[in-house]
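Chemist: This is the structure I want to talk about, given as structure tokens.
What follows is calculated from the coordinates using simple rules that are stated; it is not laboratory data. Since the structure is predicted, the reported quantities are computational estimates derived from the model, not experimental observations. Because the Cβ atoms are built from the backbone with ideal geometry, glycine has one as well, and the counts that use them run over all protein chains shown.
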């Protein structure tokens with residue numbers, strides 16, 4: 001496609017973004033935030049598209065073998081289209097009165113999950129977001145968080161099933177954890193860079209860093225009920241996938257132990273860890289062991305001769321790219337997890353680093369009050385959570401607006417961000433100057449790929465956050 005064709009497409013998209021008639025029709029919840037979000041998208045996308053269009057037209061970008069220049073322009077247009085669709089979805093959903101109650105509740109819960117990381121956080125906390133931030137929830141097929149680089153807002157998609165089943169709101173703290181991982185700084189350093197500075201972690205666990213962080217954050221915010229929810233979620237996996245590594249998420253067989261071990265050392269809820277372990281063990285016996293023994297005995301039994309197995313149950317894990325099989329105990333303590341500084345097993349070690357170093361100021365979640373186990377069973381956790389959400393008064397969350405100086409405002413607090421800037425504007429590799437480089441010079445592919453990725457905005461482009469994609 002000729003470069004000028006991309007310009008015509010961008011003009012068409014720009015006209016759609018500027019169409020605010022639907023926003024003027026009537027008042028609806030979160031209208032101010034959605035209007036501000038649309039204005040920020042317009043300013044940012046114009047700036048980013050013009051950067052690539054002008055630099056490509058002037059031959060000022062170093063060529064990349066993997067990402068042609070046309071791909072860069074198409075990626076920007078694709079992301080603009082995605083975000084237009086999301087904003088339009090949020091508008092229509094908020095205008096429907098039947099949706100407003102649950103979306104207001106989801107906003108409230110999401111903001112409570114985010115609040116421990118908002119500046120200024122408690123004394124002694126070295127990890128925090130660099131600016132005040134708000135949240136906006138909307139319905140979609142599955143739970144997810146959208147990383148947008150142009151406004152300090154966490155966009156959390158929640159499933160339509162939340163209308164009838166409040167348990168599905170439990171995924172919110174985990175999704176907030178993903179936002180924290182991408183946007184918070186630990187003593188001025190990105191979380192990914194801080195964790196990867198420890199070269200004792202093998203590559204397979206580095207691929208799981210973001211998911212593990214989100215798991216630990218979610219466990220600290222929502223407590224044992226989220227641990228139970230994640231046990232149930234793992235059982236949705238196909239039989240073979242339950243024991244194998246996808247290169248991004250902790251293996252489903254392992255994942256519930258992350259929640260159990262975090263909860264073990266959290267004040268007032270630690271005694272729930274034993275009940276969650278007993279529940280998970282029973283789940284495995286009742287719902288997984290027999291199926292896997294039939295499908296792949298190598299993953300379930302001790303091999304005494306090639307192709308010959310005894311009846312000893314040894315649940316094993318297949319890591320991506322590894323031929324050797326591993327037991328759960330090779331990765332994580334399944335009883336009596338160590339406290340910070342005592343960990344030897346890799347998952348114990350990374351959990352400790354996140355829980356006791358990065359998130360040390362969060363001792364007990366901001367969601368449900370601690371439910372003392374006593375004679376209660378894990379099934380009581382869902383009942384208590386349902387009672388909790390039904391009795392909450394969903395206070396309004398801060399709205400986004402724009403000041404007279406083009407500063408983005410969260411609630412009544414002006415941020416350091418101007419409309420059209422990246423939320424992470426201190427990153428020179430992606431903010432950088434927009435002027436063409438001097439005669440004889442070009443922008444390196446590392447720099448323009450980072451700019452295209454925009455810290456995770458380009459969902460089908462390069463992944464420059466060190467989360468498993470292209471190392472830009």
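Chemist: Could you tell me the relative contact order of the chain? Use alpha-carbon pairs under 8 Å, at least six residues apart, and round to a whole percent.
Modeler: Values: 696 pairs, mean separation 91.6, N = 472.
Once divided by the residue count of the chain, the mean separation gives 19 percent.
Chemist: What distance in nm lies between label points placed 7 Å from Cα along the C-beta direction at residue 360 and residue 435?
Modeler: About 4.5 nm separates the two model spin labels.
Chemist: If r is the Cβ-Cβ distance from residue 238 to residue 380 and R0 is 25 Å, what FRET efficiency results, to the nearest 0.05?
Modeler: E between residue 238 and residue 380, to the nearest 0.05, is 0.25.
Chemist: Can you sort 89, 166 from fewest to most other Cβ atoms within 10 Å of each residue's own Cβ?
Modeler: Numbers: 89 14, 166 20.
Placing the least packed residue first, the sequence is 89, 166.
Chemist: For residue 303 and residue 198, what does the FRET efficiency come to when R0 = 35 Å and r is the distance between their Cβ atoms, rounded to the nearest 0.05? Walk me through the numbers before you get to the answer.
Modeler: Numbers: r = 34 Å, r/R0 = 0.97.
Here the calculated transfer efficiency is 0.55.
Chemist: Whole Å is fine, so just give me how far the alpha carbon centre of segment 234-268 lies from that of segment 125-143.
Modeler: Spelled out, the Cα-based centre of one part sits 23 Å from the other.
Chemist: Using only Cα atoms, find the angle between the long axis of helix 255-264 and the longest principal axis of the chain, and express it within 0 to 90 degrees, rounded to the nearest 10.
Modeler: 80 degrees
Chemist: Full-extension gain between residue 285 and residue 32, please, as 0.36 nm times their residue separation minus the C-alpha to C-alpha distance. Mind showing how you got there, number by number?
Modeler: On the way: separation 253, 0.36 × 253 = 91.08 nm, distance 5.17 nm.
Difference between extended and current length: 85.9 nm.
Chemist: Let me ask you something else. State the extension gain, in nm to one decimal, for the chain segment bounded by residue 248 and residue 82, taking 0.36 nm per residue of separation less the distance between their alpha-carbons.
Modeler: 57.4 nm
Chemist: Also: Note the angle between two axes, namely the Cα long axis of helix 209-222 and the longest principal axis of the Cα atoms of the chain, as a number of degrees from 0 to 90, rounded to the nearest 10.
Modeler: Once rounded, the angle reads 80 degrees.
Chemist: Relative to the first principal axis of the alpha-carbon coordinates of the chain, what is the inclination of helix 379-390, with its axis defined by its Cα atoms, in degrees from 0 to 90 and to the nearest 10?
Modeler: Helix 379-390 and the main axis of the chain meet at about 30 degrees.
Chemist: Sort the following peptides by mean Cβ neighbour count (other Cβ atoms within 10 Å, averaged over residues), highest first: 417-423, 158-164. Each step should come with its number before you reach the end.
Modeler: Values: 417-423: 20.4, 158-164: 16.6.
The densest-packed peptide leads the list: 417-423, 158-164.
Chemist: Follow-up question, since we're still on this one. Once you put a point 7 Å from the Cα of residue 63 and another 7 Å from the Cα of residue 412, both along the Cβ direction, what distance in nm separates them?
Modeler: The answer from the label model is 5.8 nm.
Chemist: Beta carbons within 10 angstrom, averaged per residue: use that to sort the peptides 327-334, 61-68, highest first.
Modeler: Values: 327-334: 16.9, 61-68: 13.5.
Descending mean neighbour count gives 327-334, 61-68.
Chemist: If you don't mind, there's one more thing I want to ask. Roughly how many Å is it from the Cα centre of segment 48-85 to that of segment 280-339, as a whole number?
Modeler: 47 Å
Chemist: In the set [x] 1.11; [y] 1.03; [z] 0.99, which value of Rg/Rh (Cα atoms, Kirkwood Rh) was calculated from the structure you see?
Modeler: Only one option fits the structure, namely [z].
Chemist: Could you give the Stokes-Einstein D for segment 198-390 in µm² per second, using the C-alpha Kirkwood radius, 4 °C, 1.567 mPa s?
Modeler: Details: Rh = 17.4 Å.
My calculation gives 74 µm²/s for D.
Chemist: For a quick protection proxy, order the peptides 342-352, 185-195 by their average other-Cβ count within 10 Å, most packed first. Please list the in-between numbers first.
Modeler: On the way: 342-352: 19.0, 185-195: 16.0.
Averaged packing, sorted descending, gives the order 342-352, 185-195.
Chemist: Mind sorting 141, 31, 275 by how few other Cβ atoms lie within 10 Å of their own Cβ, fewest first? Write out the running numbers ahead of the final one.
Modeler: Numbers: 141 9, 31 16, 275 20.
Result, fewest neighbours first: 141, 31, 275.
Chemist: Computed over the Cα atoms of segment 21-71, what is the convex hull's projected area averaged over all directions, in nm²? List each step's numbers first, then the result.
Modeler: Working: hull surface 20.9 nm².
Averaged projected hull area, Cα only: 5.2 nm².
Chemist: On to the next question. What is the order of 226, 253, 86, fewest Cβ neighbours within 10 Å to most?
Modeler: Values: 226 27, 253 23, 86 19.
Placing the least packed residue first, the sequence is 86, 253, 226.
Chemist: Now a separate question. How many percent of DSSP beta bridges within the chain run antiparallel, rounded to 5?
Modeler: Working: 19 of 28 bridges.
The antiparallel proportion sits near 70 percent.
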